[in-house]
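Enquirer: Quick one: the structure is below, questions incoming.
The values are calculated or read from the model by the stated rules, or taken from the named source; none is laboratory data. Everything numeric here is computed off the predicted structure, so don't read it as measured data. Counting neighbours? That spans all protein chains shown, and the Cβs are built from the backbone with ideal geometry, glycine included. Remember, those area values only see protein heavy atoms, side chains included, never the ligands or the DNA or RNA. Shrake-Rupley method; radii C 1.70, N 1.55, O 1.52, S 1.80 Å.
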Amino acid sequence: MTAEMFPKEKTIDLRKKHIGPSCKVFFSHDPIKIVRAKGQYMYDENGVRYLDCINNVAHVGHSHPMVVKAGAEQMELLNTNSRFLHDNLVQYAQRLQATLPEKLSVCYFVNSGSEANDLALRLAWEYTGHKDVITLDNAYHGHVSSLINISPYKFHQLANAEQSKSVHVALSPDLYRGNYRQDHPDPATAYADDVNNLIQKAHEKGHKVGAFIAESLQSCGGQVIPPAGYFQKVAQHVHQAGGLFIADEVQVGFGRVGTHFWAFQLQGEDFVPDIVTMGKPIGNGHPMSCVVTTREVAEAFKNSGMEYFNTFGGNPVSCAIGLAVLDVIEKEDLQGNALRVGGYLMRLLEQQKEKHPLVGDIRGRGLFVGAELVRDRVKLTPATAEAQDIIYNSKLCFPRLKEQHILLSADGPHRNVLKFKPPMCFSEEDADMVVEKIDEILTGVKPCSQLAIVI
């Protein structure tokens, strides 16, 4: 049994009528109605195929048959909560822990990245007894109230919002347009010292820091890659202050960076966070997520006297799907594919940088890549309009990526960073096609503040 298929115009009208107006759609001036997807491709109601360069949720590919089969077969047998014993829960926890450093051994299963990060804060607050949180500028950690408070990417958009006095915003460790750049002799120490300064200022006001939280690679902040050694130095300052380090892997975990399974591992073997959160790719589109921490932190949470229960977290269907995702990553060598294809994509984009002055910086790891567009490579003037124009502004003289059936997005504080985070089955042929189209568009685009942004 399938739902009735409405004409696109009726779908739009019903969405306007029944769905909250703050719930936006991609390409709102001409939204795409997607009815099915397979691998790295999505299809609209007319059967038109789009190359998906943005969907890091469908991690192993849309509608992967092994994942679909695992979920369907378990759903036919049983789905219930984790207060009953079931092998899927412990088998998945065991498999997941095997990908992590040994001390990260205790799992809490939840249903979204927001739930995971909210729980991570609770764990840190309970363990340390301290309530203050240090976050990075331009960070995004989720949509619930506790996380909007620590997500400058969101709260900077609110005209009358006041930053919580218990939240301290550190400099984003951006080596391209941040305070300390690639020509700095030791940017890792400089950015870590900024965190330490925030700790000292908090102490002067009688505050104590319970946690430092960071995306292992900043996504909404513009595909920012922290300098090596930064997390180690930050962790040292935070631990000395009695706080915990939370690594948010919701966007970038599960092999996406290619060289490692987890992006925090890019910092080196000598860095291990106190808490790791994960979401989006963990279930390949199925709503599940996880918090992993140390035995010490978990015991402190237990000793608070409050039981933790999550109705759907860790249910047999979710865990069956999670196991299937891990199987596919291994069987199809998707981590290796991310390394190979991501490196190939980076090389193609570097060629565009050499050819087109509008391309200011290429950065990334594996299949997590950003191309920052600027109107002036010295002043780093953001080419915001041009970035939007490349993606979907069809008002000019020739088709943009959307009209050529390629889905890409732009983000960062200036919305001028083209973001590549496709399903992990993305191929070199896909990379060739999208960069070829970008090249054609860039050839016809001149840096100009008069370009229209269609939203």
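Enquirer: Return a whole-number percent for the relative contact order of segment 50-171, with Cα pairs under 8 Å and 6 or more residues apart as the contact set.
Expert: 16
Enquirer: On to the next question. Would you mind checking the pairs Lys38/Lys69; Lys353/Lys379; Lys280/Lys302; Lys8/Lys154 and listing those with alpha carbons more than 22 angstrom apart?
Expert: Going by Cα-Cα distance, Lys280/Lys302; Lys8/Lys154 fall outside the 22 Å limit.
Enquirer: On the protein heavy atoms, probe 1.4 angstrom, tell me the percent of accessible surface of the chain carried by carbon and sulfur.
Expert: After summing per-atom areas, the C and S share lands at 51 percent.
Enquirer: Oh, and also: Let me check against my output: what whole-number percent is the relative contact order of the chain, with C-alpha pairs under 8 Å and at least 6 apart?
Expert: Taking the mean separation of contacting Cα pairs over the length of the chain, I get 20 percent.
Enquirer: Which chymotrypsin sites (Phe, Trp or Tyr not before Pro) does segment 20-73 hold that lie in a coil by DSSP with at most 16 other beta carbons within 10 Å?
Expert: When the chymotrypsin sites (Phe, Trp or Tyr not before Pro) of segment 20-73 are filtered for loop state and at most 16 Cβ neighbours within 10 Å, Phe26, Phe27 remain.
Enquirer: Probe of 1.4 angstrom, ligands and nucleic acids ignored: what's the accessible area per residue over segment 65-331, in square angstrom?
Expert: Normalised by residue count, the accessible surface of segment 65-331 is 43 Å².
Enquirer: Moving to a separate point now. Between Phe309 and Val25, what is the label-point separation in nm under the 7 Å Cα-to-beta-carbon projection?
Expert: Here the modelled spin labels are 4.0 nm apart.
Enquirer: Please identify every one of the trypsin sites (Lys or Arg not before Pro) in segment 109-208 that sits in a loop by DSSP and has no more than 15 other beta carbons within 10 Å of its own beta carbon.
Expert: Lys165, Arg181, Lys205
Enquirer: Report the extension gain between Asp270 and Gln182 in nm, rounded to one decimal, defined as 0.36 nm multiplied by the number of residues separating them, less their alpha carbon distance.
Expert: Gain on stretching Asp270 to Gln182: 29.4 nm.
Enquirer: Please state the relative contact order of segment 94-236 as a whole percent: Cα pairs under 8 Å, 6+ residues apart?
Expert: For segment 94-236, the relative contact order is 26 percent.
Enquirer: Using helices alone, I'd like the mean residue ellipticity at 222 nm for the chain: each DSSP H run of four-plus residues gives -39500 (n - 2.57), total over residue count, nearest 500.
Expert: That comes out to -11000 deg cm²/dmol.
Enquirer: Would you mind working out the magnitude of the charge dipole of the chain relative to its Cα centre, with +1 at each Lys and Arg C-beta and -1 at each Asp and Glu C-beta, to the nearest 20 Debye?
Expert: Result for the chain is approximately 960 debye, rounded to the nearest 20.
Enquirer: If the cut-off is a Cα-Cα distance under 13 Å, which aspartates and glutamates reach Lys421, setting aside same-chain residues fewer than 8 apart in sequence?
Expert: In chain and number order, the partners are Asp52, Asp411, Asp430.
Enquirer: Quote the FRET efficiency, to the nearest 0.05, computed for Asp327 versus Lys38 with a Förster distance R0 of 25 Å and r equal to the Cβ-Cβ distance.
Expert: Given R0 = 25 Å and the Cβ-Cβ separation, E is 0.85.
Enquirer: On to the next question. Between beta-carbons, use under 9 Å as the cut-off and find the net charge around Leu442, counting Lys and Arg +1, Asp and Glu -1.
Expert: Result for the local shell: -2.
Enquirer: Indicate, rounded to the nearest 5 percent, the antiparallel portion of the DSSP beta bridges found entirely in the chain.
Expert: Here the antiparallel bridges make up roughly 65 percent for the chain.
Enquirer: Once R0 is set to 35 Å, what does the formula 1/(1 + (r/R0)^6) return for the Cβ-Cβ distance between Lys10 and His143, expressed as a FRET efficiency to the nearest 0.05?
Expert: So, using R0 = 35 Å, E works out to roughly 0.80.
Enquirer: Out of all DSSP beta bridges in segment 65-331, what portion is antiparallel? Express it as a percent rounded to 5.
Expert: Taking every DSSP beta bridge within segment 65-331, about 40 percent pair in antiparallel fashion.
Enquirer: Testing the spin-label approximation: label points 7 Å from Cα along Cα→Cβ at Leu77 and Glu403. State their distance in nm.
Expert: Here the answer is 5.2 nm between the modelled labels.
Enquirer: Using +1 at the C-beta of Lys and Arg and -1 at the C-beta of Asp and Glu, which of Leu326, Gly255, Tyr153 has the Cα lying farthest in the positive direction of the dipole of segment 65-331?
Expert: Final value for the positive-end residue is Tyr153.
Enquirer: Further question: Just to verify a number: FRET efficiency for Glu429 and Val167, C-beta to C-beta distance, R0 = 41 Å, to 0.05?
Expert: The pair Glu429/Val167 has a calculated efficiency of 0.35.
Enquirer: Now for a different question. Pop a pseudo-label 7 angstrom from the Cα along the beta-carbon direction at both Glu204 and Asp87 and give the gap in nm to one decimal.
Expert: Label at Glu204, label at Asp87, 6.0 nm between them.
Enquirer: GluC sites (Glu not before Pro) within segment 29-114: which are DSSP loop residues with at most 16 other Cβ atoms inside 10 Å?
Expert: In loop regions of segment 29-114 (DSSP not H, G, I, E or B), the sparsely surrounded GluC sites (Glu not before Pro) are Glu45, Glu102.
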